[in-house]
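Beneath this line is the structure, given in structure tokens, with notes to follow.
The values are calculated or read from the model by the stated rules, or taken from the named source; none is laboratory data. Note that this is a predicted model, so its numbers are computed, not measured. Cβ sites come from the backbone with ideal geometry, for glycine too, and all protein chains shown count toward neighbours.
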Amino acid sequence: MKRWLPSPLMSAFLLVLWLMLNQSIEPAHLLLGALLAIAIPRLVAPLRPTPVRVARPLTIVRLIVYALIEILRSCFNVCTLILFGGGRLNSQFIRIPLDLRDRHGLAVLACIINSTPGTVWVEIIPGSHDLALHVFDLHDADWWVNMIKTRLEQPLIDIFEQEQS
């Protein structure tokens, strides 16, 4: 069954979508929709990411709260700097050593950092596992390193890299 329908839910969705777009349940539309519902998931199966095992779902809630607080705090700070800053910016790059290795966790960390106004994930520095981070107005590099390591990276390690109980 998995050979013909690697993703049965996606196949069912595609068939229903095809029939809705054509506004018909004639046999020809049913047949073409079924062919598409079988062919498309088989063709895109190699493009699907590796499965994710998520541990500690309550940690996800804590991470979301931390991320939202940081995003709101940064929104306020960047807005204040732009409106009332008078050009006193200290824009710099900093290096943050990462212990997180899971690709999914790194992707989530990149999304959070890039959603935070005033910060941009630049790259993982080749030859090390340090994150190059650009900060719009840097006053305390140690605060940024500590915040990312404790409030963002550690929950992601707990979520993606710990064994499930």
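Looking only at the stretch 99-116, how many residues end up being outside any helix (DSSP H, G or I) and surrounded by 19 or more Cβ atoms within 10 Å (Cβ to Cβ)?
As a first pass, look at the stretch 99-116 and keep what is outside any helix (DSSP H, G or I): 99-102, 116.
Add one more test, that the residue is surrounded by 19 or more Cβ atoms within 10 Å (Cβ to Cβ), and what stays is 100, 116.
So the count comes out to 2.
Restricting attention to the stretch 111-131, report how many residues are in contact (Cβ under 8 Å) with a residue 12 or more places away in the chain and within 20 Å of residue 81 (Cα to Cα). Let's see the steps before the verdict.
Filtering the stretch 111-131 down to residues in contact (Cβ under 8 Å) with a residue 12 or more places away in the chain leaves 112-113, 115-122, 124-125, 128-131.
Restricting the remaining residues to those that are within 20 Å of residue 81 (Cα to Cα) gives 113, 115-120.
Going through the stretch 111-131 one residue at a time, the tally reaches 7.
Give the residues of the stretch 134-165 that are under 28 Å from residue 85 (Cα atoms), part of a loop (DSSP other than H, G, I, E, B) and touching a residue at least 24 places away in the same chain (Cβ under 8 Å), sorted by residue number.
Across the stretch 134-165, the qualifying residues are 136, 137, 138, 139.
What's the number of the only condition in (1) more than 30 Å from residue 138 (Cβ to Cβ); (2) at pLDDT 90 or above that residue 62 fails to meet?
(1)
Residue 92 is checked against (1) exposed (fewer than 15 other Cβ atoms within 10 Å of the Cβ); (2) in contact with a Leu (Cβ under 8 Å, 6 or more places away or on another chain); (3) within 30 Å of residue 50 (Cα to Cα) and fails just one. What number does that condition carry?
(3)
Looking at the stretch 68-78, which of the residues that are in contact (Cβ under 8 Å) with a residue 12 or more places away in the chain and of a type outside the set (Ser, Thr, Tyr) is surrounded by the fewest Cβ atoms within 10 Å (Cβ to Cβ)? Talk me through it step by step, then tell me what you get.
Initial filter on the stretch 68-78 (in contact (Cβ under 8 Å) with a residue 12 or more places away in the chain): 70-71, 74-75, 77-78.
After this cut, where a residue has to be of a type outside the set (Ser, Thr, Tyr) as well, the list is 70-71, 75, 77-78.
Working: 70: 20, 71: 15, 75: 13, 77: 15, 78: 17.
Ranking the candidates gives 75 first.
Output the residues belonging to the stretch 43-91 that are in a loop (DSSP other than H, G, I, E, B) and not charged (D, E, K, R).
Residues satisfying the conditions are 49, 50, 51, 52, 54, 55, 85, 86, 87, 89, 90, 91.
Restricting to the stretch 58-110, what's the tally of residues that are touching a helix residue (DSSP H, G or I) at 6+ places or on another chain (Cβ under 7 Å) and of a type in the set (Lys, Arg)?
Residues that pass the stated criteria total 1.
Can you name every residue in the stretch 25-37 that is more than 29 Å from the chain's Cα centre (by Cα) and either surrounded by 12 or more Cβ atoms within 10 Å (Cβ to Cβ) or of a type in the set (A, V, I, L, M, F, W, C) (or both)? Walk me through it before giving the result.
So in the stretch 25-37, the residues more than 29 Å from the chain's Cα centre (by Cα) come out as 25-36.
Those that are more than 29 Å from the chain's Cα centre (by Cα) and either surrounded by 12 or more Cβ atoms within 10 Å (Cβ to Cβ) or of a type in the set (A, V, I, L, M, F, W, C) (or both): 25, 28, 29, 30, 31, 32, 33, 34, 35, 36.
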